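What follows is a short report on a single structure.
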Amino acid sequence: MLKEDIAKKVYETAHITGEFTLRSGQVSNEYFDKYLFEADPSLLPEIVQLMKELIPEDTEILAGLETGGIPIATALSLETKIKAAFVRKKAKEYGTCKLAEGADVNRKKVCVIEDVVTTGGQIIKSVQELRKRGAIIDTVLCVIQRNEKATEILANEHLLLKPVFTMDFIKSQVNG
């Protein structure tokens with residue numbers, strides 16, 4: 001399936017209208033319910049095929065951010081055979097008290113996986129915590145970049161954002 005066709009399918013599957021407050025605090029009249037495309041067994045593999053081409057060659061660990069990045073990182077791991085880690089918003093306070101479950105990120109080249117990025121605020125927090133635990137991180141992959149400013153915001157943290165789709169690209173495919 002072509003990238004343009006996948007973009008249309010993502011839109012048709014996950015685009016919702018109404019009034020929504022985003023994690024960033026911004027209000028939007030449209031929303032991409034990421035869980036709808038992440039839970040679609042015919043669509044997620046198509047997204048993963050596009051996304052795997054963006055993974056840096058020296059990547060040792062795919063780190064999916066809670067919650068939306070985890071199914072994508074899992075699917076990418078299955079496709080690429082690169083180990084995955086599942087990153088919590090904060091370390092759990094019981095048991096192993098880990099921030100990242102699964103593969104060990106210490107002294108590993110880690111590629112962060114997220115679903116939708118608006119400002120990158122949670123990515124920055126998670127990357128800072130992962131770096132404290134020894135992770136080497138310079139790349140973030142996402143399915144949809146909502147706001148072009150996220151590229152600059154993440155670059156200030158020495159992170160390269162590589163989206164599969166931008167919001168403008170998806171809209172251009174739908175609106176033709």
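The values are calculated or read from the model by the stated rules, or taken from the named source; none is laboratory data. Predicted model only: the values in this text are computed from it and were never measured. FYI the Cβ positions are ideal-geometry reconstructions off the backbone, even for glycines, and counts take in every protein chain you see. What goes into the accessible areas is simple: the full protein's heavy atoms, side chains included, and nothing from ligands, DNA or RNA. Shrake-Rupley method; radii C 1.70, N 1.55, O 1.52, S 1.80 Å.
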Tell me, yes or no, whether the stretch 44-53 has at least one residue that is within 17 Å of the chain's Cα centre (by Cα), open to solvent by 10 Å² or more (accessible area, probe 1.4 Å) and under 20 Å from Ser126 (Cα atoms).
no
Consider Pro71 carefully, then state whether it is over 18 Å from Arg131 (Cβ atoms), in contact with a strand residue (DSSP E or B) (Cβ under 8 Å, 6 or more places away or on another chain) and not aliphatic (A, V, I, L, M).
yes
Filtering the stretch 81-140 down to residues that are of a type in the set (D, E, K, R), out of contact with any strand residue (DSSP E or B) (no Cβ under 8 Å at 6 or more places or on another chain) and closer than 21 Å to Val164 by Cα yields Lys81
Can Glu66 be described as under 27 Å from Ala135 (Cα atoms) and surrounded by fewer than 19 Cβ atoms within 10 Å (Cβ to Cβ)?
yes
Looking at the stretch 3-43 only, could you name the residues that are part of a loop (DSSP other than H, G, I, E, B) and either at pLDDT 95 or above or on the phi > 0 side of the Ramachandran plot (or both)?
Gly25, Ala39, Asp40, Pro41, Ser42, Leu43
Working carefully through the options Leu130, Leu161, find the one that is open to solvent by less than 50 Å² (accessible area, probe 1.4 Å), among the aliphatic types (A, V, I, L, M) and more than 14 Å from the chain's Cα centre (by Cα).
Leu130
Looking at (1) touching a Gly at 6+ places or on another chain (Cβ under 8 Å); (2) modelled with pLDDT under 95, can you tell me which one Cys97 breaks?
(1)
Qualifying residue in the stretch 86-104 (condition: under 29 Å from Ala7 (Cβ atoms) and among the aliphatic types (A, V, I, L, M)):
yes
